[in-house]
Amino acid sequence: MSLPSLIWGSPQWMAGCLALIGVAAVALLWSYSRARTTRSVRITCAILKGIGFTVLAVSLLEPLLTGTRPRRGANAFVILADNSQSLKIRDDGTTGNRGDWIRNLLGKDSPWKTRLGQDFDVRSYVFDSHLRAADSFEDLNFEGTGSALTTSLSALARRFRGLPLAGVLLVTDGNRTDLGNVDWSQLPPIYPVAPPASAVSRDVGVQSLTVTQSNFEAAPIALRADVNAVGFRGEPIVAVVTDEAGKELERQKADGTANGGPLSFRFQFRPEHKGVNFYHVRAFAASDEAKGNGTSQSSEQTLANNSRLVVIDQGSGPYRVLYVSGRPNWEFKFLRRAIAEDEQVQLVGLLRIARRQPKFDFRSAQARGASTLFKGFEQADEELVERHDQAVLVRLGTLDEVELRDGFPQAPDELYRYHAVILDDIEVGFFTPDQQALLRNFVSRRGGGLLMLGGPDSFADGKYDRTPIGELLPVYLNRPTGLDLDSEYQLVLTREGWLQPWVRTRKTEEEERKRLASMTPFQTVSQVGNIKPGAVALSQVSDKAGNLAPALVVQQFGKGHVGALLVGDLWRWGIRREDPNESDLEKSWRQMVRWLVADVPGRIEVGLRAKPDSAASAIELTARVRDAEYRALDNAKVVFKITLPGGNTLSLDAEPDGKEAGAYTATYVTKQPGAYRIVAAATAPDGSAVGEREAGWAAQPSADEFARLEPDRDYLKTLASKTNGEVVDGASLDSFVTSLSTRAAPITEPWSSPLWHQPLYFLVAIACLTAEWGIRRVNGLA
């Protein structure tokens with residue numbers, strides 16, 4: 001509704017009205033100028049009498065108030081009620097829960113609903129995990145598993161697009177489980193109504209879980225749990241991690257804070273199984289555990305937020321690593337022994353045991369033809385003749401007789417089958433220019449890992465400067481540092497190295513420092529220049545004079561990562577160990593190889609994300625499929641095999657994504673809480689199997705629903721201000737509904753009201769004249 005304006009119903013009387021007002025003004029001035037009283041009394045009386053006479057004179061013009069108002073019954077108005085489980089919370093000092101308050105507020109016989117129906121076409125909707133229409137609010141049971149508030153408002157705006165919707169009365173606690181973005185411009189005015197709620201008295205809730213995966217062998221998983229403990233000041237709070245079978249992995253305790261601030265629990269453990277694993281984190285008061293953890297015995301407001309489920313994907317392997325060495329050495333022995341203990345990694349060796357030698361012919365062709373000694377060898381098959389001008393290579397750990405039969409791979413599909421490549425003491429001349437470019441693409445395009453070890457034929461000594469492989473390395477090769485070549489070198493970790501778990505072999509800093517101090521010194525370090533921009537030095541070597549040089553340097557290159565281990569005699573660490581049972585070298589090798597193969601993509605990768613535009617708990621499944629050369633593979637067939645929490649399975653056929661080549665998508669709506677496993681299987685257009693990839697997600701609507709127990713009034717205020725609405729007090733709904741007739745609406749109608757028909761209009765005139773007469777009477781002028 002617009003602000004009312006004033007118009008004249010009989011403007012033809014304007015001249016007469018002004019004449020009367022003018023004559024009256026002159027008469028008043030003449031009359032009060034002769035009155036024997038104070039100046040203030042004369043002025044006051046003149047003003048009051050002038051106002052009264054003016055109001056009466058203006059009535060000759062028939063003044064009208066005009067404006068616009070919502071047309072009755074032409075505009076829709078929505079009442080949207082929250083039906084989620086969080087409204088079952090019972091606050092201290094109340095006889096019912098928040099849902100009971102909402103049910104009474106939205107009762108069928110509510111006077112404000114009757115008044116609202118007189119002016120608007122009232123529509124009723126409820127929402128929890130999705131939006132739906134409702135005939136009445138008597139069936140509210142507050143069993144909804146989720147509060148899809150933002151998506152429900154967006155869905156409501158789409159339903160009423162192009163229709164006259166005057167506003168939405170939103171009855172909710174404001175706690176939402178969908179955190180998608182809202183297009184405020186598409187929403188009508190929102191008028192939130194929140195149930196009254198007191199502060200949380202006692203509650204323990206797992207707010208968030210953060211997983212950090214490392215290649216530290218002793219404990220590759222670091223799980224941080226942030227727990228809120230309100231009302232448990234000084235009382236012990238227990239946090240427990242269990243696996244899918246219910247086996248307890250770790251337990252920690254912490255005392256509750258005075259202000260109920262979050263407690264941080266940090267768990268470290270090693271999964272027993274590779275691939276996708278699910279873990280439960282449960283937090284509770286130690287006093288409640290002694291009572292049996294039952295709902296009736298617990299002193300908390302709710303137990304629904306005491307546990308959360310987390311999914312951890314460690315990859316399932318096998319990861320294949322190609323080791324290329326220019327000569328047999330001790331390094332490969334210790335590396336192979338270490339990798340043999342990791343069932344997820346397969347080490348394939350290509351060792352050169354004899355260099356390429358030039359073929360020498362000590363007799364001429366004429367001499368061989370004249371001598372009977374050479375008879376029978378003139379027409380020998382070149383394939384059967386030993387080639388002395390080729391290097392002699394030994395293959396170890398190959399899958400079949402064909403793998404690496406011709407030496408180092410020469411085609412992308414041959415090299416890209418590996419996840420990482422280790423080059424040990426091999427000169428650049430061993431590789432053809434095409435193989436060098438292929439290895440560069442292996443890292444930058446395929447996303448593989450590359451590690452070069454130090455030695456007489458590595459780095460600058462191997463002539464790698466200004467080559468495609470040299471471009472990969474994280475160090476410059478043309479400006480060697482000035483280490484004492486005749487010294488022994490002690491290994492030290494840099495600040496960045498201390499922060500990388502896979503560089504260390506001990507759990508604590510003190511133990512690691514003791515290990516480094518007692519570590520066998522090295523005698524061979526490849527001389528290189530400074531590290532490249534973007535590269536990080538994780539360890540250094542120090543000579544007797546205190547000069548430092550990089551020992552382990554890493555960097556990202558394209559989609560992959562590269563490491564340079566410049567120590568050429570790492571095997572001394574394993575030979576000269578004080579304790580025969582100590583296995584730090586083997587552990588270090590396994591962690592380094594794990595870093596090499598970490599995050600290396602396979603031919604099929606799976607991505608999971610919650611659909612932001614869906615009103616239900618929908619998960620978008622995406623599989624990205626690559627061919628043998630890791631180019632996007634179109635026209636493939638992708639099937640998602642989903643294992644439900646109850647153990648049942650189903651299959652979904654994926655459809656090609658129109659926005660990304662080689663991507664295939666499907667959507668699944670979760671209908672029950674728990675752990676979901678998915679295996680994406682891809683088949684190439686020719687019918688050959690591309691591969692499989694496992695993933696998983698956890699559906700935990702109750703934990704999300706009860707993550708916050710107090711109503712989110714700040715969000716409701718934001719919602720109202722962004723849509724030109726206002727937050728409404730539930731006790732003031734009657735006055736609010738009455739005021740709706742004075743607010744803006746899509747469809748309005750004009751209205752007018754004669755001002756002189758209003759009792760207040762004449763009351764002003766009478767009041768002014770009466771006041772003037774009273775003042776004159778008091779001052780003896782009447």
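The values are calculated or read from the model by the stated rules, or taken from the named source; none is laboratory data. What you are looking at is a predicted structure, and each value in this text was computed from that prediction instead of being measured. Heads up, the Cβs are rebuilt from the backbone with ideal geometry, glycines too, and the neighbour counts pull from every protein chain shown. SASA here: full protein model, heavy atoms, side chains in, ligands and nucleic acids out. Shrake-Rupley method; radii C 1.70, N 1.55, O 1.52, S 1.80 Å.
Give me the percent of DSSP beta bridges within the chain that run antiparallel, rounded to the nearest 5. So the antiparallel bridges in the chain amount to around 75 percent. In 5 Å bins starting at zero, report the fraction of Cα pairs in the stretch 212-285 per bin as a rounded %. Per 5 Å bin, starting at 0, the Cα pair percentages come out as 3, 15, 25, 21, 15, 11, 7, 3, 0.
Mean silhouette area of the chain, derived from the convex hull of its C-alpha atoms and averaged over all directions, reads 60.1 nm².
Normalised by the number of residues in the stretch 228-339, the average gap of Cα pairs under 8 Å and 6 or more apart makes the relative contact order 25 percent. Our summary gives the chain a relative contact order of 17 percent, counting only alpha carbon pairs under 8 angstrom and 6 or more residues apart. Converting the Cα gyration tensor eigenvalues of the stretch 224-338 into ellipsoid dimensions via √(5λ) gives semi-axes, longest first, of 44, 15, 11 Å. The calculated FRET efficiency for Trp751 paired with Ser201, based on their beta-carbon distance and R0 = 56 Å, is about 0.60. Full extension of the chain between Glu620 and Asn141 yields a length gain of 169.5 nm, computed as 0.36 nm times the residue separation minus the alpha carbon distance. Candidate cross-link partners of Lys532 among the lysines, defined by an alpha-carbon separation under 24 Å and a same-chain spacing of 8 or more, comprise Lys463, Lys559. Shape descriptor for the stretch 568-670: Rg over Rh equals 1.25 (Cα atoms; Rh from the Kirkwood inverse mean 1/r).
If each residue of separation counts as 0.36 nm, what is the full-extension length gain between Ala286 and Arg132 once their alpha-carbon separation is subtracted? Taking Ala286 through Arg132 to full extension adds about 51.2 nm, to one decimal.
Per-atom-type breakdown for the stretch 444-596 gives carbon and sulfur 47% of the accessible area (1.4 Å probe, protein chains only). Accessible surface for the chain, divided over its residues, is 50 Å² per residue with a 1.4 Å probe.
Compactness ratio of the stretch 308-353: Cα Rg over 2.2 N^0.38 Å, N = residue count? Intermediate results must be reported in sequence, preceding the final value.
On the way: Rg = 15.0 Å, N = 46, 2.2 N^0.38 = 9.4 Å.
With N residues counted in the stretch 308-353, Rg over 2.2 N^0.38 Å equals 1.59.
Restricting the calculation to Cα atoms, the stretch 99-216 yields a radius of gyration followed by a Dmax of 17.9, 70 Å. Note on the stretch 401-506: Rg/Rh from Cα positions, Kirkwood definition for Rh, rounded to two decimals, is 1.02. Overall, the accessible surface of the stretch 8-68 at a probe of 1.4 angstrom is composed of carbon and sulfur to the extent of 71 percent.
Normalising the Debye intensity of the stretch 628-753 to I(0), with uniform scatterers on Cα atoms only, and taking log10 at q = 0.14, 0.16, 0.17 Å⁻¹ returns -0.81, -0.91, -0.96. With a ≥ b ≥ c the root eigenvalues of the C-alpha gyration tensor of the stretch 41-105, is it rounded (a/c under 1.5), prolate (a/b larger than b/c) or oblate? The shape class here is oblate. Once C-alpha pairs closer than 8 Å and six or more residues apart are averaged by separation and normalised to the residue number of the stretch 96-216, the relative contact order reads 22 percent.
Between the stretch 464-504 and the stretch 570-626, what is the separation of their alpha carbon centroids in Å? A separation of 24 Å, based on Cα centres.
Under the classification rounded if a/c is under 1.5, otherwise prolate if a/b is larger than b/c and oblate if not, where does the stretch 683-782 fall, given a ≥ b ≥ c as square roots of the Cα gyration tensor eigenvalues? Since a/c reaches 1.5 and a/b is larger than b/c, the shape of the stretch 683-782 is classed as prolate.
Full extension of the chain between Glu629 and Arg36 gives 202.3 nm of extra length, using 0.36 nm per residue less the Cα-Cα distance.
In the stretch 129-184, the convex hull through the Cα atoms has an average projected area of 4.6 nm², a quarter of its surface area.
Please report the spacing between the Cα centers of the stretch 132-167 and the stretch 722-743 in Å, no decimals. The two parts, judged by their Cα centres, are 19 Å apart. Legend: residue pairs Lys274/Lys641; Lys611/Lys659; Lys514/Lys587; Lys274/Lys587, Cα-Cα distance threshold 22 Å; every pair lies within threshold. Here, the stretch 1-125 yields an orientationally averaged convex hull projection of 16.1 nm² when only Cα atoms define the hull.
According to the Cα-based calculation, Rg over Rh for the stretch 465-608 is 0.99, with Rh computed by the Kirkwood formula. Rounded to 0.05, the FRET efficiency of the Thr44 and Ala731 pair, given R0 = 41 Å and the Cβ-Cβ distance, is 0.40. Taking the C-alpha atoms only, the angle from helix 39-58 to the longest principal axis of the chain is near 90 degrees. A viscosity of 1.306 mPa s and a temperature of 10 °C, combined with the Kirkwood radius over C-alpha pairs in the Stokes-Einstein formula, give the stretch 498-562 a diffusion coefficient of 115 µm²/s.
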